[in-house]
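Here the structure is laid out as structure tokens; the discussion comes afterwards.
The values are calculated or read from the model by the stated rules, or taken from the named source; none is laboratory data. The shown structure was predicted, so the numbers you read here are calculated from the model rather than taken from an experiment. Positions of Cβ are generated from backbone atoms using ideal geometry, with glycine treated the same way; all protein chains shown enter the neighbour counts.
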Amino acid sequence: MYFPSYRMRRLRQSPQMRRLVRETDLLPDRLVYPLFVTHGNDVYKEVGSMPGCYQMSINNLVKEARSVQDLGLAGILLFGIPAEKDEAGSGAYDEEGIIQMALAALKEKVPELIVITDVCLCEYTSHGHCGIIRDGDVDNDLTLEMLAKMALSHAEAGADIVAPSDMMDGRVAAIRSALDNEGFTNTPIMSYAAKYASAFYGPFREAAESAPEFGDRRTYQMDPPNSDEAVRECLLDIDEGADIIMVKPALPYLDIVYRIKQETKFPLAAYNVSGEFSMIKAAASNGWLDDKQAVLEALGSIRRAGADIIITYHAKEAAEWLGK
Ligand code: PBG
């Protein structure tokens, strides 16, 4: 059937008609909101490069968590800023560490909200790398032990899901066996399986105070031009026991999101990272684009590519906009 008997515009003529044939949904319950928790009381410190995002103390985190729950979001992803950093990142698995205390408060005050914890040493090490340094580079196997301890301490403190973001080989298996050995057989692992060495993490490193002091993360995070390798990374993590896999960043890697969903059919998260967030905010504050429309279009494209879960700093505003 061709024009003029066939007209594509028939199904675009009104908002109601467009909604009727919409192929992709974007709902608040697909969105996870990342939060940065820090020591102190009543701290609420805006991150310069991420307008509307804050480092906050535990009392304010609890308030945020309540509002996340009221908005119907899927949950939160927690990053901790420890009081002190050292070579081994020991604050990461301290029973009285910032994440462990935050989890206790959250599980007491907002018990039903899903809390996912980031498992990685970079916020806790004095050098800012994601593991233990030996001979000028991150030592994979030494780091596994720390990551397993960290994940276990999160589970003990009440984490609903642990999310390793370090990109060490074998970490999913190491974490799975540490959890299982201590009876946490029901704690899922969301693995940052295909995480690229990306320039788009820039603003996050200010938010989490985790920029590496020397070198970069290219010996452990993936090389951006690669795609087959992302499939291998995901299949390996699935074999090791990952329950949910992740592609990160999201928007510059939608081909990877699409491909991983097609090839694995596994629950898939995509991380709409700090730089993706800040780009839209910077353009919007200059009046160069419409904030709301740009955000919903960007998040919708991540869904359309195949992500089941979207981790995004836009989660709260998107939920508000979607509710209207
Ligand atoms: C920690 C970690 C990073 C992000 C999430 N977990 C930073 C990095 O790898 O340098 C980035 C998140 C973002 O940019 O929003 N390893």
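A few points about this structure:
- Of the residues making up region 258-267, at least one is surrounded by 24 or more Cβ atoms within 10 Å (Cβ to Cβ) and either touching a residue at least 60 places away in the same chain (Cβ under 8 Å) or not aromatic (Phe, Trp, Tyr) (or both).
- Of all the residues in region 283-300, those that are touching a residue at least 40 places away in the same chain (Cβ under 8 Å) and either in a loop (DSSP other than H, G, I, E, B) or closer than 17 Å to Tyr271 by Cα (or both) number 4.
- Exclusive hit being among the β-branched types (Val, Ile, Thr) and out of contact with any Phe, Trp or Tyr (no Cβ under 9 Å at 6 or more places or on another chain), set Ile81, Ile116, Ile76: Ile116
- Any hit, region 151-168, residues being surrounded by fewer than 23 Cβ atoms within 10 Å (Cβ to Cβ), out of contact with any Leu (no Cβ under 7 Å at 6 or more places or on another chain) and closer than 14 Å to Ala88 by Cα: no
- Only one of the listed residues (Phe3, Phe36) is touching a Phe, Trp or Tyr at 6+ places or on another chain (Cβ under 6 Å) and of a type in the set (Phe, Trp, Tyr). That residue is Phe36.
- Subset tally (residues that are within 9 Å of Gly89 (Cβ to Cβ) and part of a loop (DSSP other than H, G, I, E, B)) for region 131-147: 2
- Check on Ala294, out of contact with any Asp or Glu (no Cβ under 7 Å at 6 or more places or on another chain) and either within 28 Å of Glu233 (Cβ to Cβ) or within 16 Å of the ligand (Cβ to nearest atom) (or both): no
- Lone unmet requirement of (1) without any contact (Cβ under 8 Å) to a residue 60 or more places away in the chain; (2) in contact with a helix residue (DSSP H, G or I) (Cβ under 7 Å, 6 or more places away or on another chain) for Asp135: (2)
- Residues satisfying the stated conditions in region 162-214, i.e. touching a residue at least 40 places away in the same chain (Cβ under 8 Å), assigned to a loop (DSSP other than H, G, I, E, B) and within 12 Å of the ligand (Cβ to nearest atom): Ser165, Asp166, Met167, Met168, Ser198, Ala208, Glu209, Ser210, Ala211, Pro212
- Note on region 105-120: residues that are more than 16 Å from the ligand (Cβ to nearest atom) and assigned to a loop (DSSP other than H, G, I, E, B) amount to 4.
- Given (1) more than 16 Å from the ligand (Cβ to nearest atom); (2) part of a strand (DSSP E or B), index of the condition Phe79 fails: (1)
- Only one of the listed residues (Pro34, Pro51) is more than 28 Å from Pro164 (Cβ to Cβ), of a type outside the set (D, E, K, R) and within 20 Å of the chain's Cα centre (by Cα). That residue is Pro51.
Per-residue answers, yes or no, for (1) in contact with a Leu (Cβ under 9 Å, 6 or more places away or on another chain); (2) within 13 Å of the ligand (Cβ to nearest atom); (3) more than 25 Å from Pro28 (Cα to Cα); (4) at pLDDT 95 or above:
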{"position": "Leu103", "(1), (2), (3), (4)": "yes, no, no, yes"}
{"position": "Cys122", "(1), (2), (3), (4)": "no, yes, yes, no"}
{"position": "His129", "(1), (2), (3), (4)": "yes, yes, yes, no"}
{"position": "Leu144", "(1), (2), (3), (4)": "no, no, yes, yes"}
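- The numbered conditions (1) within 19 Å of Ala157 (Cα to Cα); (2) of a type outside the set (D, E, K, R); (3) surrounded by fewer than 19 Cβ atoms within 10 Å (Cβ to Cβ); (4) within 16 Å of the ligand (Cβ to nearest atom) are all true for Gly52 except (1).
- Matching residues, region 228-276, being of a type in the set (D, E, K, R) and either more than 16 Å from the ligand (Cβ to nearest atom) or at pLDDT below 95 (or both): Asp228, Glu229, Arg232, Asp239, Glu240, Asp243, Asp255, Arg259, Lys261, Glu263, Lys265
- Residue tally, condition touching a Lys or Arg at 6+ places or on another chain (Cβ under 7 Å) and under 18 Å from Ala194 (Cβ atoms), over region 207-229: 3
- Contact map, region 22-45: first residue on the phi > 0 side of the Ramachandran plot, second residue modelled with pLDDT of 95 or more and of a type in the set (Gly, Ala, Ser), Cβ cut-off under 7 Å, separation 6 or more or different chains; pairs are Gly40/Ser57; Asp42/Ser57.
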